[in-house]
Every structure is written in C-alpha cells, then in structure tokens.
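*Asks:* I'd like to ask some things about the structure below.
Read-outs throughout are calculated quantities, based only on the coordinates presented, and are distinct from any laboratory measurement. Keep in mind that this is a model prediction, so the values were computed, not measured. All Cβ positions, even for glycine, are placed from backbone atoms using ideal geometry, and neighbour counts span all protein chains on display.
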Amino acid sequence: MRLSLNQFSLSIAILCSLAATVPARAQSLEGSKAGEAREVVGIKLRWCPAGTFKMGSPRTEPERRPGEDQVDVTLTHGFWMGQCEVTQGEWKRVMGALPGEVTEHAGVGDDFPLYNVNYAEAQALCAKLTELARAASALPEGWAFRLPTEAQWEYACRAGTTTATYAGAYLDSTQANFLGDKPYNGAPAGPALNRATKVGSYPPNPWGLHDMQGNETEWCRDWAHARLPGGVDPDLSDVLGTPSQNGALSRSRRGGGWTDPGWPQRSAFRQRFEPERRYDHIGMRVSLSFWEERK
C-alpha cells in the first residue's frame, strides 16, 4: 500500500512523538562490554560495567597502609572512564589557558598530561565538557562528566583484577611511569625517568585504561575519609572527610605518580590533598556517568 505525502508526513510525526516519550533512562549511553571504546566531545572513553568488587587491600598485601581495610562495593550503573589522563591539549581546547605553570621537567606539550590543576578547576572542566556534550545532543538526560568517585576509580583501575596492581603482584617501570629504581614487591629494577611522559606511553589495563598507575596522580570526587566507603554506589563528595593532623580537610586522589616509588602504585593505595592546592605531579581523569537517580 502506497502512502500519500500527507500520510507519510503524519507517520513520521507519530514516530518522532513516540521516540520523545521513551524514558530518558532507556536513551542511555551504556556500553555492551568492559573496555568498549567511545568518544564524546573529543574525549576518548572506556566502558566500566556495573558490578561488585572488594575495595581496599587484603592484610597480606605487601606495603599496604592504614585506611585500606577491604569493604564490599556495588556499582549499580556502569560508567565511562577517560582512556587516558586529561591532556594539556584537551584542557586548552575546552578551557583555554592552562590552569598552572608547566615546566620541561614535568612535561610540556599537548600529548602530555595536565598538572598543576586544583580540585575546583578539575570540576570546572567536567562541567564544561558536560555543557558541550549536551549542546551537541551527545548526552541523554541524567548523564554528566564528573571526577570519578574513589570507588569508581579503584574499580576501573582494577578492571576485574584482585592483585596489588592490575599487572599482578609485582610492578616494574616497563609497566608504568614511576621511580623504577624502587620497584614494587621484588620486581626487577628499571629506569627512573624523573619526569612525566606522554599519555598512553605504557600498556593499558584489561579495560583499555592507560596510566591508572604511574605518570600523574589523579583527583577524585570524594572528600578524603579515614575509612573506605562501602555499600551501594558510594559517593562522599558532599560528606566532609576526616581532618588531617593539622586539621585540614582534603579531597581524595588516587594512582601513584612519576615522583613515587613502586609501592604507592598499588590499586588500593589512597592519598589526600587540600582542594585549593596544585602540584606538578597531580592531574585528573574524567568519568562519564549516569547520576540522575543518585540525587
């Protein structure tokens, strides 16, 4: 049966109307498998599926520190994690001038990781990316770029592994950029570059994420707490943390950096830093998550 032009136009209008009534949750960005690649407003991402894991380290793990006692965590929504640390080039493309000084020692160039960025500036980049993605109709309702929570960060870093690092129980400087003359857990000694390297210079973890261990340490969304957050979708971004010895409150950061030896590269290792401060070995990585149901 042939449709007249008016009938065809009416059919198209009805289909468009029905599509508009599909729940926003169904119009999702969910990936189909762990490590699936995607790009949104120029940011390369990898899919981290929903799941349950042990956050923290077992008491038998060499070089473990206080505050790493294991807790069970369930992430009910999958999320996209930045394939690499945010680069200087990505920041300039989205935000303009870099937020802090760059040096030859810490790395200069569009393919080098961003550093000397404080917490508020890191949050501002996430907000701007969200704005750009929504303007491009690239984000369904409820999805936003954010800094990862501690739980998201460790889950993505582990990528299904349960060993001290995603690479296993040992780590040397062929696997990550750190002070390789001080490897982890008896691994062979290697070079200590004493500088950052271009993002993606080292092998990725099983979900395709580079430099989760080494290069720059990375801001997380949560306030720093003495104990790990467990339970379902933990997010301590609005829950003031445990003061440091001098009474200061800090935000969490994760992942050892190029200035660190091997033991802080462990997936469970936790660090803190006052949110207004910046340093040449502290950068960031973005996540793209569905947040509407968590408000």
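*Asks:* Report the gain in length on full extension from Ala226 to Ala192: 0.36 nm times residue separation, minus Cα-Cα distance, nm rounded to one decimal.
*Replies:* Numbers: separation 34, 0.36 × 34 = 12.24 nm, distance 3.11 nm.
Computed gain between Ala226 and Ala192 is 9.1 nm.
*Asks:* Still on this structure, please answer the following. Could you put Met55, Met95, Met212, Met81 in order, starting from the residue whose Cβ has the fewest other Cβ atoms within 10 Å?
*Replies:* Ordered by Cβ neighbours within 10 Å, fewest first: Met95, Met55, Met81, Met212.
*Asks:* Can you bin segment 235-295 into rounded, prolate or oblate? Criterion: square roots of the alpha carbon gyration tensor eigenvalues sorted a ≥ b ≥ c, rounded for a/c under 1.5, prolate for a/b above b/c, oblate for the rest.
*Replies:* Judged from the Cα gyration tensor, segment 235-295 comes out oblate (a/c at least 1.5, b/c at or above a/b).
*Asks:* Sticking with the crude label model, points 7 Å out along Cα→Cβ, report the distance from Lys54 to Thr174 in nm, one decimal please.
*Replies:* Label at Lys54, label at Thr174, 2.9 nm between them.
*Asks:* Under 28 Å between C-alpha atoms is the cut-off here; go through segment 47-294 and count lysine pairs that meet it, provided they're at least eight residues apart or on different chains. Each step should come with its number before you reach the end.
*Replies:* Numbers: Lys54/Lys182; Lys92/Lys128; Lys92/Lys198; Lys128/Lys198; Lys182/Lys198.
Going through segment 47-294 pair by pair, I get 5.
*Asks:* Please give the direction-averaged projected area of the C-alpha convex hull for the chain, in square nanometres with one decimal. Walk me through the numbers on the way to the answer.
*Replies:* Details: hull surface 71.8 nm².
For the Cα atoms of the chain, the hull's average projected area reads 18.0 nm².
*Asks:* Is there a quick way to get the dipole size of segment 47-294? I mean about its Cα centre, with the Cβ of Lys and Arg at +1 and of Asp and Glu at -1; what is the value in debye to the nearest 20?
*Replies:* Numbers: 25 positive and 31 negative charges, 47 e Å.
I would put it at about 220 debye.
*Asks:* Sticking with this structure for a sec: How would you classify segment 95-167 from its alpha-carbon gyration tensor, with a ≥ b ≥ c the square roots of the eigenvalues: rounded for a/c under 1.5, else prolate if a/b is greater than b/c, otherwise oblate?
*Replies:* Cα axes put segment 95-167 in the oblate bin.
*Asks:* From the backbone phi of segment 166-181, what are the Karplus-calculated ³J(HN,Hα) couplings (6.51 cos²θ - 1.76 cosθ + 1.60, θ = phi - 60°) in whole Hz, Gly and Pro given as x?
*Replies:* With coefficients 6.51, -1.76 and 1.60, one gets 4, 7, x, 7, 10, 8, 10, 7, 7, 9, 7, 8, 8, 6, x, 6 Hz.
*Asks:* Ok, one more. State whether segment 191-293 is rounded, prolate or oblate according to the following rule on the C-alpha gyration tensor (a ≥ b ≥ c being the square roots of its eigenvalues): a/c under 1.5 gives rounded; otherwise a/b larger than b/c gives prolate, and the remaining case gives oblate.
*Replies:* oblate
*Asks:* Report the longest stretch of the chain that contains none of the GluC sites (Glu not before Pro) sitting in a DSSP loop with at most 13 other Cβ atoms within 10 Å.
*Replies:* 142-275
*Asks:* In debye to the nearest 20, how big a dipole does segment 148-201 give about its Cα centre with +1 on each Lys and Arg Cβ and -1 on each Asp and Glu Cβ?
*Replies:* Dipole size: approximately 160 debye.
*Asks:* Which residues in segment 95-128 place their backbone N less than 17 Å from a point set 7 Å from the Cα of Glu274 along the Cα-to-Cβ direction?
*Replies:* Within reach of a label on Glu274: 116-121.
*Asks:* Moving on. Two decimals is fine: what's Rg over Rh for segment 33-89, C-alpha atoms, Kirkwood radius as Rh?
*Replies:* 1.12
*Asks:* Further question on the same structure: For Gly230, what charge total do you get from the other residues with a beta carbon under 10 Å from its beta carbon, if Lys and Arg give +1 and Asp and Glu give -1?
*Replies:* Surrounding charge for Gly230 is 0.
*Asks:* Then there is this: With n ≥ 4 as the cut-off for DSSP H runs, can you work out [θ] at 222 nm for the chain, using -39500 (n - 2.57) per run divided by the number of residues, rounded to the nearest 500? Kindly include the intermediate steps, with their values, before the conclusion.
*Replies:* On the way: 4 runs with 51 residues, N = 295.
Estimated from H runs of four or more residues: -5500 deg cm²/dmol.
*Asks:* Taking 0.36 nm per residue of sequence separation and subtracting the Cα-Cα distance, how much length would be gained by fully extending the chain between Glu141 and Ser32, in nm to one decimal?
*Replies:* Using 0.36 nm per residue and subtracting the Cα-Cα distance, I get 37.3 nm.
*Asks:* So what are the ³J(HN,Hα) numbers for segment 70-80, from phi and the Karplus equation (6.51, -1.76, 1.60; θ = phi - 60°), rounded to whole Hz, Gly and Pro as x?
*Replies:* 5, 9, 8, 10, 10, 9, 7, 10, x, 8, 9
*Asks:* Also, I was wondering about something else. Normalised by the residues of the chain, what does the relative contact order come to in percent, with Cα pairs under 8 Å and at least six apart?
*Replies:* 24 percent
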